[in-house]
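Q: Starting off with a structure, shown below.
The values are calculated or read from the model by the stated rules, or taken from the named source; none is laboratory data. A quick note: this is a predicted structure, and the numbers were derived from the prediction, not measured. Quick reminder, even Gly has a Cβ in these numbers, built from the backbone with ideal geometry, and neighbours come from all protein chains shown. Surface accessibility is based on the protein's heavy atoms, side chains included, excluding ligands, DNA and RNA. Shrake-Rupley method; radii C 1.70, N 1.55, O 1.52, S 1.80 Å.
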Amino acid sequence: MLQEESDLSLVIAQIVQKLKGSNLYAQLERQAWASLQRPEIKLESLKEDIKEFFKISGWEKKLQNAVYSELSVFPLPSHPAAPPEHLKEPLVYMRKAQGSWEKRILKSLNSMCTELSIPLARKRPVGEQKELLNKWNEMGTDEPDLSLFRPVYAPKDFLEVLINLRNPNYENGDSLSFRTHLGLIQVPLKVKDIPELKEFFVELGLTTGQLGIDDSNQVPPELFENEHVRIGQKVLAEQDSAAAQQYIRQGSPTALRAELWALILNISSQPEDILYYEQLKTNVIQHDLLVDSLIYKDVKLTASNDDYYFVFEDYLYQVLLCFSRDTSVLGHFAYNSASPPKSYIRGKLGLEEYAVFYPPNGVIPFHGFSMYVAPLCFLYHEPSKLYQIFREMYVRFFFRLHSISSHPSGIVSLCLLFETLLQTYLPQLFYHLREIGAQPLRISFKWMVRAFSGYLATDQLLLLWDRILGYNSLEILA
């Protein structure tokens, strides 16, 4: 009991600390000062009166949503004496594997720099800046020669690393059950079995209505759809993140999805958010990074060739180029097993005071990265809003799909969960595929790494992503 209380007070302290630096805190402070002028606020009951004012004016709900949003991203409370790297990843062998994978990516990036003799970053000449600014909304028409650039890595390279992961403390002798040798993933992580999944995904049971299934032409809409839409409108009117997250587990009506997702991710377009986006844009126009070419190449190879997404090519460049400059993304490395890569100012290699994170957001794009953004373009047509939603989706979910960790939503656990489920419930199919040399994970890995973006029709994909947001978990991908 005492342990639970101390855990809770630790979480509260950390969330308070986090919110103190936020824009919401400043707004609440301003509102509290302004409320002192109101006649209903009495000096003798000041605290209670201000609380009541916050409740009536809707600021309390905003604070609740901010706390709920922090809790959704928050790593599980660890022992106060645990070193900071434990927050990132408790298993040492996972941390080591992630570290050596990062070295490989950097080596690939650096060798490309050397081969093409291109700097990692340079300031654009004024003429080039003007030209880029003029064609900011039609960057897709620009055809730079990217034939010499290659993606830093593709999902299949990453899969090879995961297949070779081993726990050094785990005896891999003959005494182990036969089952452990069938799958490609050979690390002993705890993943959910069917009864646990049934309990976790209880709203996906056959007795509960689902959008995407129970609103088909065979079912009269008044039976499920109309009622579901009505509840959705009520949830939006209440502006409650937790209620929206619960509601969306049964799927979101198309007309309400954009607002519901923004509510769950606690994003409201404030003037300062638009200003922040404009600052990132200015940074893109002033500086040219090597990763820009990787982003261009990736969009050309993936989204531009997709029947659903090719029309959003310009949006993708805008969002991804701004994303690469956004240093606020570095905050998620506190709970991500990965670490942002560093670059040193020329001639100062190894001197920490001359080190900078490269790219500024710490994320090196890989083949297919732009497909995390593409589906969101159907929902948001205002670039700064689209940008905020993508950034929040990335720091909550997508980073887990390309970093090595033991987290239940991490890609290693998803692969293991997929193989375990298939092996347990469809053993003949599993064994048959294995026998003919088509390991099931080799087929499904690229689907999971991209969260099925580009593999499912967009309407189906958005229904799947509804559930990722609703359950705050990527386990549904497996």
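Q: Six or more apart or on different chains, Cβ under 9 Å: which pairs go from a residue in segment 262-275 that's part of a helix (DSSP H, G or I) and among the acidic types (D, E) to one that's at pLDDT 90 or above and open to solvent by less than 60 Å² (accessible area, probe 1.4 Å)? Could you list them?
A: D273/S384; D273/K385; D273/Y387; D273/Q388
Q: Name the residue that is most open to solvent (accessible area, probe 1.4 Å), counting only residues in segment 75-100 that are modelled with pLDDT under 70 and either in contact with a helix residue (DSSP H, G or I) (Cβ under 7 Å, 6 or more places away or on another chain) or assigned to a helix (DSSP H, G or I) (or both).
A: If we take residues in segment 75-100 being modelled with pLDDT under 70 and either in contact with a helix residue (DSSP H, G or I) (Cβ under 7 Å, 6 or more places away or on another chain) or assigned to a helix (DSSP H, G or I) (or both), then P80 is most open to solvent (accessible area, probe 1.4 Å).
Q: Please work out which one of (1) open to solvent by less than 40 Å² (accessible area, probe 1.4 Å); (2) assigned by the TED database to the domain that holds I364 is the condition Q460 fails and give its number.
A: The one condition Q460 does not meet is (1).
Q: Turning to a different aspect of this structure: Read through the list (1) open to solvent by 10 Å² or more (accessible area, probe 1.4 Å); (2) more than 28 Å from A255 (Cα to Cα), then give the number of the only condition that P359 fails.
A: (1) is the only condition that P359 fails.
Q: Can you tell which of S384, S370, S337, S343 is touching a residue at least 40 places away in the same chain (Cβ under 8 Å), small (G, A, S), in contact with a Ser or Thr (Cβ under 9 Å, 6 or more places away or on another chain) and not in a helix (DSSP H, G or I)?
A: Only one candidate qualifies: S337.
Q: Let me ask another. Of all residues in segment 225-252, count the ones that are touching a Gly at 6+ places or on another chain (Cβ under 8 Å) and either surrounded by 19 or more Cβ atoms within 10 Å (Cβ to Cβ) or assigned to a helix (DSSP H, G or I) (or both).
A: As a first pass, look at segment 225-252 and keep what is touching a Gly at 6+ places or on another chain (Cβ under 8 Å): 228, 239, 245-252.
Of the ones still in play, those that are also either surrounded by 19 or more Cβ atoms within 10 Å (Cβ to Cβ) or assigned to a helix (DSSP H, G or I) (or both) are 228, 245-252.
Total meeting the criteria: 9.
To keep it simple, each residue is scored yes or no on (1) farther than 26 Å from P195 by Cβ; (2) crowded, with 21+ Cβ neighbours inside 10 Å; (3) in contact with a helix residue (DSSP H, G or I) (Cβ under 7 Å, 6 or more places away or on another chain); (4) of a type in the set (D, E).
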{"residue": "I411", "(1), (2), (3), (4)": "no, yes, yes, no"}
{"residue": "L416", "(1), (2), (3), (4)": "no, yes, no, no"}
{"residue": "A438", "(1), (2), (3), (4)": "yes, no, no, no"}
{"residue": "A451", "(1), (2), (3), (4)": "no, yes, yes, no"}
{"residue": "R467", "(1), (2), (3), (4)": "no, yes, yes, no"}
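Q: Check off (1) part of a helix (DSSP H, G or I); (2) open to solvent by 30 Å² or more (accessible area, probe 1.4 Å); (3) closer than 22 Å to S384 by Cα; (4) at pLDDT 90 or above for D288 and give me the number that stays unchecked.
A: Among (1) part of a helix (DSSP H, G or I); (2) open to solvent by 30 Å² or more (accessible area, probe 1.4 Å); (3) closer than 22 Å to S384 by Cα; (4) at pLDDT 90 or above, the lone unmet condition for D288 is (1).
Q: Let me ask another. Determine the pairs where a residue that is closer than 17 Å to S293 by Cα and not assigned by the TED database to the domain that holds R166, located within segment 92-119, has a partner that is of a type outside the set (D, E, K, R) and not in a helix (DSSP H, G or I) with Cβ atoms under 6 Å apart, the partner being 6 or more residues away or on another chain.
A: Between residues of segment 92-119 that are closer than 17 Å to S293 by Cα and not assigned by the TED database to the domain that holds R166 and residues that are of a type outside the set (D, E, K, R) and not in a helix (DSSP H, G or I), there is no close pair.
Q: Considering only segment 124-159, state which residues are open to solvent by 80 Å² or more (accessible area, probe 1.4 Å), over 24 Å from P383 (Cα atoms), out of contact with any Lys or Arg (no Cβ under 9 Å at 6 or more places or on another chain) and outside any loop (DSSP other than H, G, I, E, B).
A: Once the filter is applied, which keeps residues that are open to solvent by 80 Å² or more (accessible area, probe 1.4 Å), over 24 Å from P383 (Cα atoms), out of contact with any Lys or Arg (no Cβ under 9 Å at 6 or more places or on another chain) and outside any loop (DSSP other than H, G, I, E, B), segment 124-159 yields only V126.
Q: I've got another one for you. Condition first: within 20 Å of P119 (Cβ to Cβ), open to solvent by 60 Å² or more (accessible area, probe 1.4 Å) and at pLDDT below 90. Can you find one or more residues in segment 308-330 that meet it?
A: No, because not a single residue in segment 308-330 is within 20 Å of P119 (Cβ to Cβ), open to solvent by 60 Å² or more (accessible area, probe 1.4 Å) and at pLDDT below 90.
Q: What's the number of the only condition in (1) modelled with pLDDT of 90 or more; (2) open to solvent by less than 60 Å² (accessible area, probe 1.4 Å) that I267 fails to meet?
A: Answer for I267: the failing condition is (1).
Q: Let me ask you something else. Grab the helices (runs of 4 or more DSSP H) fully contained in segment 387-465, keeping just those with 1 or more residues being touching a residue at least 60 places away in the same chain (Cβ under 8 Å), under 30 Å from L87 (Cβ atoms) and small (G, A, S).
A: Once the helices (runs of 4 or more DSSP H) in segment 387-465 are filtered for at least 1 residues that are touching a residue at least 60 places away in the same chain (Cβ under 8 Å), under 30 Å from L87 (Cβ atoms) and small (G, A, S), what remains is 411-425.
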